[in-house]
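Have a look at the structure below, then the notes.
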Protein chains: 2
Amino acid sequence: MSDRKSKSVFLKAYPQGMPAASDFEIRETTVPAAGANEMVCRTIWMSVDPYMRGRMRPDVKSYIPPFSLDEPLAGGAVAEVVESNIADYGVGDLIVDFTGGWKEYYVSSGERTQKIIPNLAPLPAWLGVLGMPGLTAWAGVTQIMKPKEGETLFVSGAAGAVGSVVCQLGKMRGARVVASAGSPEKIRWLKEEAGVDVALNYKDYKNAAELTKALAEAAPNGVDCYFENVGGMHLEAAINCIGFGGRMALCGMISMYNNTEVEPGPPNLVNLIGRGVMARGFIVSEYADKAMEFAGEVAPLVVSKKIKFQQTEYDGLDRAADAFVGLFHGENAGKAVVRVGADPA
Amino acid sequence: MSDRKSKSVFLKAYPQGMPAASDFEIRETTVPAAGANEMVCRTIWMSVDPYMRGRMRPDVKSYIPPFSLDEPLAGGAVAEVVESNIADYGVGDLIVDFTGGWKEYYVSSGERTQKIIPNLAPLPAWLGVLGMPGLTAWAGVTQIMKPKEGETLFVSGAAGAVGSVVCQLGKMRGARVVASAGSPEKIRWLKEEAGVDVALNYKDYKNAAELTKALAEAAPNGVDCYFENVGGMHLEAAINCIGFGGRMALCGMISMYNNTEVEPGPPNLVNLIGRGVMARGFIVSEYADKAMEFAGEVAPLVVSKKIKFQQTEYDGLDRAADAFVGLFHGENAGKAVVRVGADPA
């Protein structure tokens, strides 16, 4: 096979503060033919996720290295195998992997890929409810917070790819679910589709004190479980309302990712002591070994349509930057995905 | 039996900010004879503990109600039974309990008391290494942080009643122990007696950045476990240096207990996410059911003198306020106790 040309998205420079589409550019790269134990893949859908912002800082020590300015960006994708020298993968196989995003074609070693079960769900669902965000939500619920029947679960970023699954898995366990999101349409979806008990539009509250008051009214017996996606006043309000023996799954703090100045933490951490609270930060890869257990619960719920999910689609690789930037402006309902290539023939 | 007179310590008013001896006063109270299923006890030693500051705020919802201005203060004590209508207790029995502090005589229902094993250790040890502070330290080590051989354990307030036990239980489990305390004498004791690997005098560091630098040098492989007694810059430095999979036992934040203004929390909580850190606030009563297991490990270490402990003794009930205030000025080495009455005949 000969080399292929691929449009690929690069960072022009590391963003300062809020990222803008102008921080990104598309360049044409050359994708070599598959070598020994390699395959070439064609990206169909790509994912944009908040954690990627952390990889756009050259100076931060994290669980994953920063993006280079000299290579295409990378991220989750659904792709089709178009050449293969890997025994387990044949041309035409559909896969989900961790590196195929932000480009049309790429070479894969097959080490961070999984085959997709055909026709189980629309392809982008493998980047959302059936993929990394779904496993993240499931792990936070089942491995960290463990909500019990009748307990109250508060979820911030509740209409997003992760939060929306947390809400529904919480309801299925008999919890009272209080959700926070940032638009009337998201609030409507959370109440009518996800079935939460109370949905708060956080934009109605100017500060942590106001949000605390609303949360205390929504959770009159206190918050037993908190799933943290947002940080800032959400975390402070949750810690104000957390009950004795509370459990907090710390998944993200998206409100802080674009800070250019140091933002103080909540002043009420001492509550964690007197109330015997456990707070557990986590990254989804810690729970990779639970993926089968996750799929065993969630895939049937997807097939039976007992779990609802939304996605916001952007059409074309040249919209990828917009999709990513939209994450930080609350513009995406549910999972944000970008169509990069045509569905398989 | 007739009524007894007792000197007892009362709060004159709830302290604003740093407490002072002038916030306290001794009044004479009348202790009635023991009723049915009651006993009268004579206090020999009393304990002062940082948590008591939290009970001196009338407006805070906590795991334990605020002190009343109309009753004597209460707290841990070693006492002798002088009258008893309780079958399990006889005159002359020595007990440790949760309410006998801050007074000479009191009536007890026997519900929050334990008999002391005679001659196992000096009596005040039942308020320290063998008592509530010892159980607190043991629970943080064995139930929360679970340090492994070769891991690094950072302890703030390390020369105190709780911290000094944490250091030594950590060393016994093969951890590298980095301790922080606030005087050259405490630093010497930690190195020479408690056997820690590194002892930092936090007063040498002006802010979290400086303490972080020192901690990073003392813990070149990162902090795996953090036992939190202090808050403020200690917590921020610990979160800067915490490693992947770190565990934090949040026991106290004494630097903040007398704040009159809101003090922001650490700005680096997002590290807990990327590093998969578990932070668990706790109060010792959660682990009351582990008291036998605790005693099984720690009592033999006390008898064999394999665990070292210090105590700072104040002589007389009229020094109780000084002992308590001293907690917040770093004046007490190890456990602070007050002699209230004579040893048993």
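Coordinate-derived values only; no laboratory data. Nothing here was measured: the structure is a model prediction, and the numbers come from that model. Cβ atoms come from the backbone with ideal geometry, glycine included; neighbour counts cover every protein chain shown.
How large is the Kirkwood hydrodynamic radius of the protein assembly as shown, in angstrom, based on all distinct alpha carbon pairs?
Roughly 27.8 Å, rounded to one decimal.
Enter the mean number of other protein chain beta carbons within 10 Å of the beta carbon of each residue in A:42-48, as an integer.
Mean shielding by partner chains, rounded to a whole number: 0.
Hey, if you put +1 on the Cβ of every Lys and Arg and -1 on every Asp and Glu Cβ in chain A, which of A:Cys251, A:Leu317, A:Ala33 ends up farthest toward the positive end of that dipole?
The listed residue farthest towards the positive side: A:Cys251.
Could you give the distance between the Cα centres of region A:2-66 and region B:266-299, to the whole Å?
Region A:2-66 and region B:266-299 have Cα centres separated by 40 Å.
Tell me, what is the percent relative contact order of region A:181-265, built from C-alpha pairs under 8 Å that lie six or more residues apart?
Result for region A:181-265 is 24 percent.
Considering only lysines 8 or more places apart in sequence, or on different chains, count the pairs in region A:132-285 whose C-alpha atoms sit under 27 Å apart.
For region A:132-285, qualifying lysine pairs total 19.
At A:Asn259, label 7 Å along Cα→Cβ: distances to the other copies, nm, ascending?
1.5
Taking the DSSP beta bridges in the protein assembly as shown as the whole, what percent of them are antiparallel, to the nearest 5?
55
Taking 8 Å as the Cα distance limit and 6 or more residues as the minimum spacing, I'd like the relative contact order of chain B as a percentage.
After rounding, I find 18 percent.
Go through A:150-160, B:93-103, B:6-16 and give me the packing order, highest mean Cβ count within 10 Å leading.
Ranking the peptides A:150-160, B:93-103, B:6-16 by packing returns A:150-160, B:93-103, B:6-16.
In whole percent, what relative contact order does region B:132-285 give with Cα contacts below 8 Å and a gap of six or more residues?
Rounded, it is 22 percent for region B:132-285.
Shielding of A:253-265 by partners, i.e. mean partner chain Cβ atoms within 10 Å per residue?
Across A:253-265, the average partner-chain Cβ count within 10 Å equals 3.
Write down the Kirkwood hydrodynamic radius of chain A, to one decimal in angstroms, obtained as one divided by the mean of 1/r over all alpha carbon pairs.
One decimal place: 20.8 Å for the Kirkwood radius.
Among A:104-110, B:130-136, B:20-26, A:250-256, what's the highest-first ranking by average C-beta atoms within 10 angstrom per residue?
Highest mean packing first, the order is B:130-136, A:250-256, A:104-110, B:20-26.
Return the average number of partner chain Cβ atoms within 10 angstrom of each residue Cβ along peptide A:279-285.
So the per-residue partner count for this stretch is 6.
Just order B:235-245, A:178-188 by mean Cβ neighbour count inside 10 Å, highest at the front, would you?
By packing density, highest mean first, the sequence is B:235-245, A:178-188.
Specify whether the C-alpha gyration tensor of region B:1-143 places it in the rounded, prolate or oblate class, a ≥ b ≥ c being the square roots of the eigenvalues: rounded for a/c under 1.5, otherwise prolate if a/b is larger than b/c and oblate if not.
Here region B:1-143 falls in the oblate category.
Which value, in Å to one decimal place, does the Kirkwood hydrodynamic radius take for region A:132-285 when every pair of different Cα atoms is included?
About 15.0 Å, per the Kirkwood formula over Cα pairs.
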